[in-house]
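Reading through the structure tokens given below for one structure.
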Number of protein chains: 2
Amino acid sequence: MMNHTISRRAASKATLLAGISAATTAQLSQAAPKLKKNATILFQGDSITDAGRDRKRQTANDARSLGRGYPAHIAGDLLAESPKLDLRIHNRGISGNKVPDLDKRWQVDCIDIKPDILSILIGVNDIWHKLNGRYDGTPEVYRDGFDALLERTKKSLPDVTIAICEPFVLRCGAVNDSWFPEFETRRAFAEEVAKKHNAIWVPFQAKFDEAVSSGTAPEYWAADGVHPSHAGHSLMAKVWRESVGI
Amino acid sequence: MMNHTISRRAASKATLLAGISAATTAQLSQAAPKLKKNATILFQGDSITDAGRDRKRQTANDARSLGRGYPAHIAGDLLAESPKLDLRIHNRGISGNKVPDLDKRWQVDCIDIKPDILSILIGVNDIWHKLNGRYDGTPEVYRDGFDALLERTKKSLPDVTIAICEPFVLRCGAVNDSWFPEFETRRAFAEEVAKKHNAIWVPFQAKFDEAVSSGTAPEYWAADGVHPSHAGHSLMAKVWRESVGI
């Protein structure tokens, strides 16, 4: 398993390097966006992104509108560090969402907001609700729906920088053996979609795995295995900023 | 005014240096606490500290218990950076509080929690409620009440590290000329109390003044002049960590 992981990583690094050497300037700027004045940053996803935000408020840069999760952590830091950029940071994550739910509200909750940087974390409900018998989408349905959503996004917003966040779980709480190996397949599909669309990849699962390997209980990062603790959200914010490069 | 400020700063720096050269080892460790395993950190204050926390929850390290303000920003970072320390971070700020309100609930909301590091931000309501005609405590009442509170704290918790946060306002919103010079007197009294008790000083007013001098509108940091924006809380978190040294 470990060897397989390493060789897969080595392979994808090789692919990435080849990609970079052949990249156009546009592709390179996609990989490392610069924060421009008045840039709009949008966080999209499910309950992990939603994180208790007040959905009746949709005010940029506002604590209650941003929720209590990684988008709020990232927004606070960016807004405090770069006050002169007049950034506009939004959260539109909605608890329980799967790819088809994003698709239904994408015009209003993404395209119309015209983000310069769009961050998407979606996938855990696509499997969880299937395991619960409330949904029947296969991993391929997830992949193809996600792919179509990005296709649509780039058609409407050709200059947007997209960050795809790796769906993740911790091995505790609600997360038992029934999640595997299907969850791994879905993670791999998210990464495949990210690569296809030249999106930034934010390796949440890899970083949570590292944190647990270093000797912290998985519950420290997410008691139910799915919803991060305050510490977990803060770790995600750190990983997101390192990956997105802002 | 500027010359006066500079000479006062220079004078207090001289006092501080004299204090340090004469300091005992215990005093030096007070000035730069080390985060020990299982350390308890407590944030106390008014609405700025409260920041929308769920007061029915009093769970350490919990996003809803910590609120949306600087205590949550600080806690998230510390918990993510030092997972092996098993820190316990609490917020017990209550909106509207003045020094006498802290005094009334101090046994339950501070002493009984046995903090290793205690952070206090109090003072803006002590003047604001007076300007509104809802309270009649003078600056001297503020100083003496604050002094007595710290005296009591150190008697019950002789090893606690105390951080006194500088009360601050931004010159906008509800903050008009009627606040001055009394607000400056109260800030100076808070600093005097901090020095008397060898507490760490967290210079929020100084740092907000710097941010505004650098060309950001005061409203960016606190629309009503008193309650920080999300950006303002994040700046406070940064200043707090730099000052406390953890």
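The values are calculated or read from the model by the stated rules, or taken from the named source; none is laboratory data. Since the model is a prediction, treat every value here as computed from it, not as a measurement. As a convention, Cβ positions derive from the backbone with ideal geometry for all residues, glycine included, and neighbour counts pool all protein chains shown. Side chains are part of the model used for accessible areas, which takes the heavy atoms of the whole protein and leaves out ligands, DNA and RNA. Shrake-Rupley method; radii C 1.70, N 1.55, O 1.52, S 1.80 Å.
For chain A, the share of accessible area belonging to carbon and sulfur comes to 54 percent (1.4 Å probe, ligands and nucleic acids excluded). Residue by residue along A:52-65, Cβ atoms of other protein chains within 10 Å of the local Cβ number 2 on average. Where both bridge residues fall in the protein assembly as shown, DSSP classifies roughly 0% of the beta bridges as antiparallel. Per residue, the stretch B:33-244 exposes 39 Å² of solvent-accessible protein surface, assessed with a 1.4 angstrom probe and all protein chains in place. A label point on B:Phe180, set 7 Å along the Cα-to-Cβ line, lies at 6.3 nm from each of its counterparts in the other copies, closest listed first.
Take the accessible area of B alone and of A alone, subtract that of the pair with a 1.4 Å probe, and the total buried over both chains is about 2100 Å². The distance linking the stretch B:162-195 with the stretch A:137-196 is 50 Å (Cα centroid to Cα centroid, whole angstrom).
Maximal additional length on extending the B:Lys34-B:Glu182 stretch stands at 49.7 nm, based on 0.36 nm per residue less the C-alpha distance.
Run through every distinct alpha carbon pair of the protein assembly as shown and return the Kirkwood hydrodynamic radius in angstroms, one decimal place.
The Cα-based Kirkwood calculation yields 24.3 Å.
Across chain B, C-alpha contacts under 8 Å between residues 6 or more apart give a mean separation that, scaled by the residue count, equals a relative contact order of 21 percent. Annotation: amide H-H contacts under 5 Å for A:Asn91 (H modelled 1.01 Å from N, sequence separation of 5 or more, or interchain): A:Phe43. Of the two radii for the stretch A:81-137, the radius of gyration is 1.11 times the Kirkwood radius, both from the alpha carbons; that is the Rg over Rh value. For the stretch B:198-239, a decrease in accessible area of 20 Å² or greater in the assembled protein chains relative to the isolated chain, with a 1.4 Å probe, applies to B:Ser214, B:Thr216, B:Tyr220, B:Trp221, B:His230, B:Ala231, B:Ser234.
Annotation: the stretch B:48-107 has a Kirkwood hydrodynamic radius of 12.1 angstrom, from the mean reciprocal C-alpha pair distance.
Contact order, relative form, for the stretch A:111-246: 27 percent (alpha carbon pairs under 8 Å, 6 or more residues apart, mean separation divided by residue count).
Secondary-structure-derived ellipticity at 222 nm for the protein assembly as shown, considering helices only, amounts to -15000 deg cm²/dmol, per-run term -39500 (n - 2.57) for DSSP H runs with n ≥ 4. May I ask you to work out the translational diffusion coefficient for chain B at 37 °C, viscosity 0.692 mPa s, via Stokes-Einstein with Rh from the Kirkwood sum over Cα pairs, reported in whole µm²/s? In µm²/s, the coefficient rounds to 179. Based on alpha carbons, the Rg and Dmax found for the stretch B:108-240 are 15.3, 45 Å.
Counting only complete DSSP H runs, which helices of chain B cover 24 Å or more along their long axis at the Cα atoms and score a mean Kyte-Doolittle of 0.0 or above?
On the way: long enough: B:2-21 (28 Å, 0.09); B:139-156 (26 Å, -1.07).
Correct list, ordered by number: B:2-21.
A:Leu121 sits among other residues whose Cβ lies under 11 Å from its own Cβ, and their net charge, with Lys and Arg +1 and Asp and Glu -1, is -3. Using the Cβ-Cβ distance between A:Arg134 and B:Lys104 with R0 = 60 Å, the FRET efficiency computed as 1/(1 + (r/R0)^6) comes to roughly 0.75.
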